[in-house]
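Before any comments, here is the structure.
The values are calculated or read from the model by the stated rules, or taken from the named source; none is laboratory data. Here the structure is a predicted model, which is why all the values come from computation and not from measurement. Positions of Cβ are generated from backbone atoms using ideal geometry, with glycine treated the same way; all protein chains shown enter the neighbour counts. When the accessible area is computed, the model is the full protein with side chains, heavy atoms only, and any ligands, DNA or RNA have been set aside. Shrake-Rupley method; radii C 1.70, N 1.55, O 1.52, S 1.80 Å.
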Amino acid sequence: MTRAQLREKANALPLEPGVYLMMDKTGKVIYVGKAKKLRNRVSQYFQETSSHTEKTRAMVAQVDHFDTIFVKSEFEALVLENSLIKRHMPRYNILLKDDKGYPFVRLSDEPYPLFSLTNRIAQDGARYFGPFGGRHETRQAIDAVCAALKLPTCRRRFPRDLDADRPCLNYHMGRCDGFCRSTMSAEEYRRRMEQAVTLLEGKGKQLIRELTAEMEQAAEELQFERAAALRDQAAAIGALGKRQTVIAGICADTDIWGVSLGAGKSCCAVLHVEDGQLTGRETELIRAHNQEDEGEILAAVTAQYYLPRPILPREILVPADSGDCEELSEALSRRAGHRVWVHVPQRGEKAELLAMAHRNALEEVERATTETERADHTLALLQTMTGLPEPPERMESFDISNTGASDIVASMVVYRGTKPLKSAYRRFQIKDTAGHPDDYASMAEVIRRRLQRAADGDEKFLPLPDLFLIDGGVTHAQTAQRVAESFGCAVPIFGMVKDDRHRTRALVTPEGREIGIAGQQAVFALIGQIQEETHRFAITYHHQKHGKSALRSALDGIPGIGPKRQEALRKRFGSVKRIREAEEGELAAVIGEAAARTLWRQLHSPEASAPEAGTPSP
């Protein structure tokens with residue numbers, strides 16, 4: 001279908017809730033979404049608008065046709081959307097790990113039921129719990145539950161192996177009650193397994209209360225050994241949530257979500273809290289970057305995370321309202337059998353917990369994102385902001401430095417990607433405006449000389465960059481543009497505009513259009529770094545030139561101190577102050593005894609007045 005046909009079909013949809021499926025030419029579903037009003041939502045994709053993100057534009061470009069499913073309510077749309085995302089795994093949806101990566105705990109249906117891990121739920125009469133985190137962590141959690149309840153974890157099978165051999169080492173270590181002995185009944189085994197099930201259903205507090213009541217009853221009946229065993233079981237169960245992340249996720253009464261949007265990779269972190277105590281953490285990297293909307297990411301991820309799970313917390317804190325909090329609360333409450341409240345706290349301790357969750361997500365993104373990925377993402381953002389045809393591979397930046405009318409110099413700093421290429425740095429001594437400083441004329445001269453060297457085939461000035469950055473505002477950019485046009489050079493030119501704190505706040509075109517960069521931290525940091533490096537290189541060269549000028553001024557006219565000896569003194573001492581402070585013997589080691597004696601007397605005579613030149617300014 002053409003874009004016009006797609007728009008016409010979308011405009012014909014009703015203003016009803018539902019789910020839509022975007023498909024490519026092969027019929028493959030590439031995106032699944034939900035809407036409170038299908039016509040409004042779907043038609044937005046096919047409007048000519050610049051508000052679409054890069055990802056949305058790429059997705060729409062591949063849409064050949066779409067289908068819709070109408071439902072009765074927004075709640076039904078939420079549940080159906082999640083089901084279809086799991087089924088089709090669309091390329092442009094934000095996806096959590098597929099269920100094949102999340103294990104379920106299976107409890108077999110037999111006289112002596114056993115726990116095992118599986119990737120799928122089957123209709124075989126067994127009971128299933130989950131999905132949980134990784135297989136290793138889930139296996140550890142099952143072992144911890146069995147250890148707390150002193151259930152067997154060995155390979156013996158009952159009733160086949162009852163009294164077949166002596167109890168194993170676990171029994172003698174007090175980690176198992178020895179159900180391989182015929183004195184332990186099948187009824188007691190099943191009772192313990194039901195207690196384990198209670199834990200996996202997130203009812204750890206209830207089980208502790210039951211065990212405490214049994215302990216008190218046993219103590220009243222003077223069954224002190226049994227009371228002590230029950231006390232130990234209750235204590236072991238109470239410690240589970242603080243030792244095992246998976247169990248913490250089961251037992252938590254509050255989940256706190258954090259989202260960090262990174263360069264090419266993003267992360268969601270969920271902290272599990274029980275009775276105000278942090279008991280566990282889960283993080284997952286997702287295929288999304290910082291052009292995504294945080295609310296949309298949360299809407300997609302939280303639904304996929306919670307809807308398959310039968311055990312749910314009572315409160316879920318999220319950092320942004322996706323517009324689906326009410327529908328998700330309703331869906332999760334129906335599944336859990338108790339009220340589940342999804343909301344955004346604004347202040348207080350819960351807001352501080354959100355900040356903690358965000359830090360966890362941020363750290364995971366920083367750990368997982370490589371330096372190359374961050375650089376590529378920064379340059380892609382710079383390309384989008386400046387309208388370049390490709391991300392810039394080479395950038396050159398220019399700055400002028402002088403003190404009044406003396407020693408006017410310029411610097412050319414080169415960046416390859418996001419890193420300085422110091423071997424390509426160049427510096428210029430301004431000639432045309434010597435003695436009468438003119439910032440614009442100086443900039444015109446340095447750009448002209450740089451382009452002329454390239455036109456002459458000088459390899460030190462080749463290749464031309466993808467971008468010129470000029471320290472200054474629109475007039476500086478216009479000056480550089482006029483020179484570039486005279487050479488037929490089409491390299492884009494931008495001025496770097498500073499704020500009151502001397503930081504680059506924007507780029508400006510020669511036409512006067514400002515491009516704010518403060519909102520994109522990665523670009524803001526890169527341009528600021530380039531400007532500071534260009535300024536540093538210019539001021540360093542200026543200091544060197546100004547130091548030489550001051551030295552020549554102080555030494556000129558002294559008998560026996562010609563240009564060669566001045567240069568030798570400059571290399572050895574660096575400044576007039578250090579020459580004046582040197583002993584006559586130190587001077588003699590550089591320029592000879594006779595010249596040193598003359599110089600020392602001249603610099604230390606009462607009439608000598610050779611103050612150090614003032615500190616140059618940029």
Original post:
Does Gly512 fit the bill of being open to solvent by 50 Å² or more (accessible area, probe 1.4 Å), modelled with pLDDT of 80 or more, assigned to a loop (DSSP other than H, G, I, E, B) and under 30 Å from Thr378 (Cβ atoms)?
Top reply: no
Subject >> Residues located in the stretch 47-69, provided they are within 21 Å of Asp293 (Cα to Cα), surrounded by fewer than 20 Cβ atoms within 10 Å (Cβ to Cβ) and not basic (Lys, Arg) >> reply: Gln47, Glu48, Thr49, Ser50, Ser51, His52, Thr53, Glu54, Thr56, Ala58, Val60, Ala61
Original post:
Given the structure, is Arg87 within 23 Å of Glu327 (Cα to Cα) and among the basic types (Lys, Arg)?
Top reply: yes
Subject >> Residues satisfying the stated conditions in the stretch 472-496, i.e. over 14 Å from Ala441 (Cα atoms) and either of a type in the set (Val, Ile, Thr) or touching a residue at least 60 places away in the same chain (Cβ under 8 Å) (or both) >> reply: Val474, Val491, Pro492, Ile493, Phe494, Met496
Original post:
Arg157: in a loop (DSSP other than H, G, I, E, B), surrounded by fewer than 16 Cβ atoms within 10 Å (Cβ to Cβ) and out of contact with any Cys (no Cβ under 6 Å at 6 or more places or on another chain), yes or no?
Top reply: yes
**OP:** Please find, within the stretch 184-222, the residue that is least open to solvent (accessible area, probe 1.4 Å) out of those that are outside any helix (DSSP H, G or I) and modelled with pLDDT under 85.
**Re:** Gly202
Original post:
Does Lys9 count as basic (Lys, Arg), in contact (Cβ under 8 Å) with a residue 40 or more places away in the chain and open to solvent by 30 Å² or more (accessible area, probe 1.4 Å)?
Top reply: yes
Original post:
If you go through the stretch 70-85, how many residues are surrounded by fewer than 21 Cβ atoms within 10 Å (Cβ to Cβ) and over 18 Å from Ser333 (Cα atoms)?
Top reply: 4
**OP:** Tell me which of these Arg231 doesn't satisfy, since it passes every other one: (1) open to solvent by less than 60 Å² (accessible area, probe 1.4 Å); (2) at pLDDT 80 or above; (3) assigned to a helix (DSSP H, G or I).
**Re:** (1)
Original post:
Is one or more of the residues making up the stretch 315-332 at pLDDT below 90, in a helix (DSSP H, G or I) and hydroxyl-bearing (Ser, Thr, Tyr)?
Top reply: no
**OP:** Given the conditions (1) of a type in the set (Asp, Glu); (2) under 30 Å from Gly178 (Cα atoms); (3) modelled with pLDDT of 80 or more, report the number of the one that Asp64 does not fulfil.
**Re:** (2)
Original post:
Tell me, which strands (runs of 3 or more DSSP E) wholly within the stretch 359-464 include 2 or more residues that are of a type in the set (A, V, I, L, M) and closer than 22 Å to Glu533 by Cα?
Top reply: 394-403, 406-416
Original post:
What is the number of the single condition among (1) assigned to a loop (DSSP other than H, G, I, E, B); (2) modelled with pLDDT of 75 or more that Ala568 does not meet?
Top reply: (1)
Original post:
Out of Leu388, Leu382, which single residue is touching an Asp or Glu at 6+ places or on another chain (Cβ under 9 Å) and modelled with pLDDT of 90 or more?
Top reply: Leu388
Original post:
Residue check: is Gly488 open to solvent by 60 Å² or more (accessible area, probe 1.4 Å) and at positive phi?
Top reply: yes
Original post:
Among the residues of the stretch 9-24, is there at least one that is within 30 Å of Glu282 (Cα to Cα), in a strand (DSSP E or B) and in contact with a helix residue (DSSP H, G or I) (Cβ under 9 Å, 6 or more places away or on another chain)?
Top reply: yes
